[in-house]
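Working notes, structure below.
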Amino acid sequence: MKFLSIAQLCLFHTNPKSQPKATLQLVQYSLQHGVSDLTWVGFVFYGSYLACLGEIPAGYRYVKIAIKLAENRDARDCMGDVLAVGGQVMGYVEPLPSINDVMIRGHEYSLMTGNISSANMSLAGSMVCEYWSGKQLSVVKSTMDDTLRRMSAQCVVPLLMQFLPLYRSALAMIGKVDDVPMVFGSRADVETEEERKMTETNLHLLKSVHFNKMYVGFMFRRYDEVKPLADAHDAIAALPFSAILISHCFHMFYWGLISFWIARKTGDVIWYDRGKEAVQKMRSYANFLSWNFSNKSLLLQAEQYFYLKEFESAKRCYDDAISFAKDYRFVHEEALACELAGYFLVERGERNSSLPYFLRAQRKYREWGASAKEESLNTYIQEWFGVVTEGEAVWENPRRATTDLDLRKRRVS
């Protein structure tokens, strides 16, 4: 059983297609010969496998059973693994900030028992939660720097490589920074040849690298960069994965937004169908947990209505997405919803109405700490509206004055 427990952890990183065989064998041995502390690791991986197949409630039950029984037996040796893997499933049913606490607990248990691999898995999960929950980016980067240095010193290669793409996404949002840790002799913000080779054999790394490049291109509205990546997405998404990660729901969210963007650009109904699938998936997630997914579901629906030219429904969904993101304190997604609502109104010819949305988006990106994204949006505002922004002050740009906006020395609340 110990061999199978270790094998499923290794296969999770190196051969996801084969990992369920070890998990099911571990569960079967427990049913035939009785439980041990390693049984809970099998249960939690089985729950993750069920969730990956779409059975999130059933998977969540196995995870909660595994955690409860491990706690009752004071199974400290396996508790780190149980929380590191189980927390990924719990993120679909419990609020994201609480999942960060689960990951931190898993890290502490792993350190107590000397389980370096599990400790770093929990740290990586914690960083994912912090980034996607909209925590201030300077704080997230500082913690990520420490995590990368620790992983590098401990030579935790597969997990470190899977973590680097998200780190680079954070750097892209922040903008140019000089303080970047060294990883195996190279700066962490530079993709190495070793990483590119590893994507050929490590499916988790391939998916992470591909998504984060697509995500950054989308956030900075670089369509020519996003489109080729999106074209390759179906093949990567079809690769076998046997465990669910909390990051997968964010992949689905942005994939849906990108699909509707391309659908409007190309008029190709295939891209609309892909976006529609994302709407259905996110709506099912929102049924499990409003906190994490309602604003995302509404924003995807808004983009869907935009494509279908159901403009009143689109406007309502944009405003509701902004409201829910604010209520649940997803500042980065409040900013994104405001920005996309602004583009929607510009396309509708409602320039006067769109500017407050863009200015609010800019303010929220600043609050998040995404200086590069804020500056990118500021450039768009100057080019399209002929105004200059500084902080919350807005005034007319003398190089490109507009006649349809009365914006002289106006302050935006």
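The values are calculated or read from the model by the stated rules, or taken from the named source; none is laboratory data. Computed from a predicted model, the values in this text were never measured in an experiment. A quick note on method: Cβ atoms are made from the backbone with ideal geometry, for glycine too, and the neighbour counts reach across all protein chains shown. Surface accessibility is based on the protein's heavy atoms, side chains included, excluding ligands, DNA and RNA. Shrake-Rupley method; radii C 1.70, N 1.55, O 1.52, S 1.80 Å.
So the values come out like this:
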| read-out | value |
| --- | --- |
| Euclidean distance of C-alpha centroids, the stretch 105-128 and the stretch 359-373, integer Å | 32 |
| By accessible area with a 1.4 Å probe, ligands and nucleic acids excluded, highest first: order of Y307, Y272, Y365 | Y307, Y272, Y365 |
| Loop sites in the stretch 120-191: trypsin sites (Lys or Arg not before Pro), DSSP, at most 11 other Cβ within 10 Å | K176 |
| Max mean-square fluctuation residue, GNM over the chain, Cα-Cα springs under 10 Å, options S98, S117, S126 | S98 |
| On Cα atoms only, tilt of 76-90 relative to the major axis of the chain in degrees | 30 |
| Kirkwood Rh, Cα atoms: Rg over Rh of the stretch 260-384 | 0.97 |
| Tilt relative to the chain, helix 246-266 - C-alpha long axis, 0 to 90 degrees, to 10 | 40 |
| Using alpha-carbon coordinates, inclination of helix 39-52 to the longest axis of the chain, degrees | 30 |
| Surface accessible to a 1.4 Å probe, I116 within the full protein complex, Å² | 70 |
| Accessible area in the full protein assembly, largest first, 1.4 Å probe, for I322, I174 | I174, I322 |
| Per-residue SASA entry for S30, accessible area with 1.4 Å probe, Å² rounded to 10 | 10 |
| Rounded percent of accessible protein surface that carbon and sulfur make up, the chain, 1.4 Å probe | 52 |
| Qualifying trypsin sites (Lys or Arg not before Pro) for the stretch 50-101 [loop in DSSP, other Cβ within 10 Å: at most 15] | R73 |
| Residue-normalised accessible area of the chain, given per residue in Å² at a 1.4 Å probe | 43 |
| Euclidean distance of C-alpha centroids, the stretch 274-343 and the stretch 45-61, integer Å | 25 |
| The stretch 313-386: GluC sites (Glu not before Pro) falling in loop per DSSP and having at most 16 other Cβ within 10 Å | E350 |
| H332, H33, H233, ranked by accessible area, largest first (probe 1.4 Å) | H33, H233, H332 |
| Isotropically averaged projected area of the stretch 174-310, using the convex hull of Cα atoms (one quarter of hull area), nm² | 10.1 |
| Volume in Å³ per residue [convex hull over Cα atoms, computed for the chain] | 138 |
